[in-house]
1. Return an integer: the convex hull volume of the alpha-carbon atoms of the range 42-102, in Å³ per residue.
2. For the range 146-152, in order, what is each residue's ³J(HN,Hα) by Karplus, 6.51 cos²θ - 1.76 cosθ + 1.60 with θ = phi - 60°, in whole Hz (x at glycine and Pro)?
3. In µm²/s, what is D for the range 54-199 at 37 °C and 0.692 mPa s, where D = kT/(6 pi eta Rh) by Stokes-Einstein and Rh is the Kirkwood radius from Cα pairs?
4. Check N199: other-chain or 5+ apart residues with amide H under 5 Å from its amide H, H built from backbone geometry?
5. Per 10 Å bin, what is the whole-percent P(r) computed from every C-alpha pair distance within the range 145-256?
6. For M206, what residues show an amide H to amide H distance below 5 Å, using hydrogens built from the backbone and excluding near sequence neighbours?
7. What order do you get for 239-247, 33-41 when each peptide is scored by the mean count of other beta carbon atoms within 10 Å, highest first?
8. Sticking with the crude label model, points 7 Å out along Cα→Cβ, report the distance from K226 to N142 in nm, one decimal please.
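The values are calculated or read from the model by the stated rules, or taken from the named source; none is laboratory data. It should be emphasised that the depicted structure is a prediction, and the values quoted were computed from it without experimental measurement. Backbone-built Cβ (ideal geometry, glycine too); neighbour counts: all protein chains shown. Accessible surface is based on the protein model in full, side chains and every heavy atom, while ligands, DNA and RNA are left aside. Shrake-Rupley method; radii C 1.70, N 1.55, O 1.52, S 1.80 Å.
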Amino acid sequence: MDHATHLRRIVQKEPGKVHKLKVNNESHIQVNRPMVFAVTSGKGGVGKTNIVANLAVTFQRMRKRVLIFDADLGLANIDIIFGISPKYTIETVIKGEKGLSQILVEGPEGVSIIPASSGVQELSHLTEGNKINLLNEFDLLNDMFDVLLIDTGAGISSNVIYFNLAAQERIVVVTPEPTSITDAYALIKLMFKKHGIKNFILLMNMVKNEKEGVSVYRHISKVIEKFMGGISIDYAGYIPYDKHLNESVNRREPVTCCFPGSSSSQSFKKLAEYLLTETADRYHDGSIKFFWQRLMIGGAG
C-alpha cells in the first residue's frame, strides 16, 4: 500500500485529524545532510513564493540554517516578500566575477538567499570549467546550511521542470480554484510520464478550512490514482486563507514575522514539522552539491 492509499483511508475515517497526521513536537530532528525542497505549482498566483519565504523563516526558528534559491526566472519575488534589494545575482558567480559567499543576501531571521538571474537559464550549457568552478563554490554550502528551498517558476516550462527534477523533494502548491487543480495535475503528469518522478508532496493553500483542504487533496489524488497508478502523493496539510497574509505582503514582511500568532503562521509551523519528520529518512543522496550536480547534467529522470 502506497502513502496516498494509506492516507486517503485515514482521511475518510478521521477527516478532522488529517492536518496533524505524522506531525509531532520533535522539531529538533537531527539531519545528517542538507534537505533540498523544490516548491512549485502548475499555475501562477497560488502563493508559492510566500510559502517559500514563510517556511524558510519557520525552519530558521527551529534552528535550521536555511538557504533560498530564487529560481523563478523573470518573475522573482522573494526580494519583494523579504523587503530586500540584492546588488548581485548568481549570474555574477557564473561569470566568475564574484564568489558565492559574496552574493548571498540575508533576509529575516538570518535566512540566506541566492538572488535570481537570467544567467541561471544557461546552467545546463556551461563549459566544463564553469561547472567545476560552480560545484566547488556550492560544495562549501553543505556545511553551512541544513535546508535548501528552491522557489521555482509556475507551469510546465523547461526551466520549471529542470529545477524540479534536480531537487530531492517536490512540494506542489494547489489552491481550490479549478485551474490550479487542473494545472497541478498537468505538472505531475508531465514529470511522471516523461521523467519517471513518482513521489510528490501536495500542499493546499488559500483554503477556507481543513475540510476544504482535505477535499481538494482527495479530488486530486483520486484522479491521479485513476490515470497514473504507482505515484505516491503525500498530504502536507494546508495554509488557510488569512487576511494577515495580504497585509504582510503589503508590508514586505513574511506573515510569520509580523503576525506570528495568525492562523497562517501556525500552519507554517505544522508544515515545517511535517517536512522534517516525514522526509528526513529519504535523504540518502541529498545534498546541496548533489542538487547542483544534477542541474549541471540537465536534471534527472
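1. 111
2. 9, 9, 10, 10, 9, 8, 7
3. 199
4. Hits under the 5 Å cutoff: S232.
5. 13, 42, 35, 10, 1
6. Result for M206 returns I239, Y241.
7. Most protected by this proxy first, the peptides run 33-41, 239-247.
8. 4.5
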